[in-house]
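All of the numbers you see were taken from the coordinates with simple rules; none came from a lab. If you're wondering where the values come from, they're calculated on a predicted model, not measured in any experiment. Neighbour counts run over all protein chains shown; Cβ positions are idealised from the backbone, glycine included.
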Amino acid sequence: MLAGWSSLYVYMADLLCLDACRPVQGHQCKELSVIATPLCQQEWERSLARHPDSAFARYICSGLKDGFRVGYSRNYPLKSTNHNMESATQHPEVVEEYLHKECALNRMLGPFPCTDHLPRLHISRFGVIPKGHNTGKFRLITDLSSPAGQSVNDGIDSELCSLVYTKVDEVAAQAACSGRGALREKVDIEAAYRLIPVHPQDRVLQAVQWGENTFVDPMLSSRSCCVGRTGTDICPVGAITWSAV
């Protein structure tokens, strides 16, 4: 827990509350403990050394080193699913390709034919949906809100995860204050959430099953309740803007 840090960042208190939450299971195992992300901790520490909010910068670097907490704090058992969405069974080739690709990139752990040696895992259902306007391309979506009342997202305080995005008028006002000739950059990062490592103890909440095999997602899920706070506010949006200056 990173308590006691003074920060200028308006949502820092929420981030620390999420960081303080612990899942029901506290056991870690070697297979789920490796922190693998292309976001180099040492480079981020160097780039953020002069960041005006040192507490915010340290939070980011600590998360890249140890993994970010998803904020799950429910103290009674979850209910795992025993089936996936119909869309997954309708497109098995899409699922196979996705799992193979994510495992090769260290963004999915497994396959585990047997999970007896692993901590008790929570299995969520998943499906596939068309990806934007790209004909024939799909996105795999893990449903962390099912079953209702006994899901991972039910155990995350939504009040800690809400945020207000910057309005267009505010951006325009900042540009006007910057004066003639000022430049503003917009960065689009591919698979941004899939670069953010989840703390090993929280990974037990992000398992899926395909056939006889189990896979564990070690990265931040776009369907996690905390993604609005942890994903959008932490890595890589706010800090990359600073480190790129």
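What ranking do 146-158, 80-92 get when scored by the average of other Cβ atoms within 10 Å per residue, highest first?
Ranking the peptides 146-158, 80-92 by packing returns 146-158, 80-92.
Can you give me the pair-distance distribution of the range 99-216, C-alpha pairs, 10 Å bins, whole percents?
10, 29, 29, 17, 10, 3, 0
How many lysine pairs are close in the range 12-243, with Cα atoms under 25 Å apart and the two 8 or more places apart or on different chains? Walk me through the numbers on the way to the answer.
Details: LYS30/LYS65; LYS30/LYS79; LYS30/LYS101; LYS65/LYS101; LYS101/LYS131; LYS101/LYS137; LYS131/LYS186; LYS167/LYS186.
So the count of such lysine pairs works out to 8.
Taking the Cα centre of the range 12-243 as origin and charging only Cβ (+1 Lys, Arg; -1 Asp, Glu), how large is the dipole, in debye to the nearest 20?
Dipole size: approximately 280 debye.
Search the structure for amide H atoms under 5 Å from the amide H of PHE138, placed 1.01 Å from N in the peptide plane, and list their residues when 5 or more places away or on another chain.
For PHE138, the qualifying residues are LYS131.
The list (1) 1.31; (2) 0.99; (3) 0.92 gives values of Rg/Rh (Cα atoms, Kirkwood Rh), and only one came from this structure; which label was calculated from it?
(2)
Hey, what angle do you get for helix 168-178 against the long axis of the chain, alpha-carbon based, 0 to 90 degrees rounded to 10?
Approximately 40 degrees, to the nearest ten.
7 Å from Cα along Cα→Cβ at both ASP169 and ARG50: what's the point-to-point distance in nm?
In this crude label model, ASP169 to ARG50 measures out at 3.5 nm.
Taking H as built 1.01 Å from N, whose amide H comes closer than 5 Å to the amide H of ILE196, not counting residues under 5 places away?
Amide H to amide H, under 5 Å and 5 or more residues apart or across chains, ILE196 pairs with LEU220.
Do any trypsin sites (Lys or Arg not before Pro) in the range 25-117 lie in a loop, going by DSSP, with at most 11 other beta-carbon atoms within 10 Å of their beta carbon, and if so which?
Answer by residue number: ARG50.
In deg cm²/dmol, rounded to 500, what helix-only [θ] at 222 nm does the chain give when every DSSP H run of at least 4 residues adds -39500 (n - 2.57) and the total is split over its residues?
-8000 deg cm²/dmol
Hey, if you put +1 on the Cβ of every Lys and Arg and -1 on every Asp and Glu Cβ in the range 76-182, which of ALA182, ALA88, GLY136 ends up farthest toward the positive end of that dipole?
Farthest towards the positive pole: ALA182.
So for the pair GLU190, SER162, with labels modelled 7 Å out along Cα→Cβ, what separation do we get in nm?
3.6 nm
Note the angle between two axes, namely the Cα long axis of helix 92-104 and the longest principal axis of the Cα atoms of the chain, as a number of degrees from 0 to 90, rounded to the nearest 10.
For 92-104 against the chain, the angle is about 60 degrees.
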